[in-house]
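Below is one structure, written out as structure tokens; the observations come after it.
Laboratory data are not the source of any read-out in this text; all were calculated from the coordinates shown. All of these numbers come straight from a predicted model, not from anything done at the bench. Please note: Cβ atoms are built from the backbone with ideal geometry, for glycine as well, and neighbour counts cover all protein chains shown.
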Amino acid sequence: MMAPETYVLLRHAHRTFATLSIIGFGARWLGVLGARAWTQRRTAKTLPHIIDTLLLASALTMAYGAGFTPENAPWMTTKIILLLVYIGLGVVALRPAQPRPRRLVAGIAAILVFAHIVAVAFTKQPLGLFAG
Ligand code: HEM
């Protein structure tokens with residue numbers, strides 16, 4: 001079992017990486033839609049991978065430390081799947097080769113999926129705010 005202090009620290013880190021991830025995504029998405037040069041620089045492309053890796057690593061370490069499994073915490077499975085959906089939509093939203101309307105719709109969908117992941121995190125229900 002993980003020390004409670006370690007768990008709380010990891011949860012703080014996890015929330016921070018989640019916040020950085022969505023702010024970074026929003027900024028790049030608006031930047032790509034506005035054809036800003038900085039969005040194609042190496043840092044703008046590499047940093048998100050580092051943040052998202054840390055987001056997932058903090059999550060998996062917490063899950064391991066708390067003994068969460070797909071059986072006793074189905075909401076976590078939902079988060080893992082939706083994280084992949086968020087990343088996939090993000091790829092479409094940020095790719096300059098994609099038609100602009102598709103980048104727009106994919107970006108909005110990515111933000112909505114992210115919002116649902118946050119709702120799942122707080123409610124511990126796969127349906128989040130729709131759980132009733
Ligand atoms: C974009 C992706 C994600 C976002 C935005 C996100 C967001 C959050 C937030 C805001 C919390 C804090 C909830 C609270 O304070 O009660 C949290 C907690 C947590 N998340 Fe995530 N998360 C993401 C991905 C994941 C993934 C993929 C996993 C599983 C591998 C995961 C596992 C956890 C765990 C175990 C907690 C701690 C639950 C608790 O003790 O209350 N998260 N997440």
Name, by its number, the condition in (1) surrounded by fewer than 17 Cβ atoms within 10 Å (Cβ to Cβ); (2) closer than 19 Å to residue 114 by Cβ that does not hold for residue 72.
(2)
Could you list all residues from region 1-40 that are surrounded by 11 or more Cβ atoms within 10 Å (Cβ to Cβ), of a type outside the set (A, V, I, L, M) and closer than 25 Å to residue 98 by Cβ?
21, 24, 25, 26, 28, 29, 31, 36, 39, 40
Residue list for region 52-74, restricted to those being outside any loop (DSSP other than H, G, I, E, B) and more than 10 Å from the ligand (Cβ to nearest atom):
53, 54, 74
I'm trying to understand the selection: among the residues of region 91-132, which are closer than 20 Å to residue 38 by Cβ, crowded, with 17+ Cβ neighbours inside 10 Å and in contact with a Ser or Thr (Cβ under 9 Å, 6 or more places away or on another chain)?
94
Subset tally (residues that are under 14 Å from the mean Cα position of the chain (by Cα) and of a type in the set (Val, Ile, Thr)) for region 90-107
1
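If you take the residues in region 2-33 that are of a type in the set (Phe, Trp, Tyr) and farther than 17 Å from residue 108 by Cβ, which one is farthest from the chain's Cα centre (by Cα)? Let's see the steps before the verdict.
Start the filter on region 2-33 by keeping residues that are of a type in the set (Phe, Trp, Tyr), which leaves 7, 17, 25, 29.
Still in the list and also farther than 17 Å from residue 108 by Cβ: 7, 17.
Values: 7: 19, 17: 8 Å.
The selected residue is 7.
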If we ask which residues in region 30-68 are out of contact with any helix residue (DSSP H, G or I) (no Cβ under 8 Å at 6 or more places or on another chain) and of a type in the set (S, T, N, Q), their number turns out to be 4
Checked pairs for region 51-69, first touching a residue at least 60 places away in the same chain (Cβ under 8 Å), second more than 9 Å from the ligand (Cβ to nearest atom) and not small (Gly, Ala, Ser), C-beta under 6 Å and 6 or more apart or across chains, list as 65/2
Being of a type in the set (S, T, N, Q) and within 11 Å of the ligand (Cβ to nearest atom) is the filter here, so list the residues in region 75-104 that pass it.
77, 78
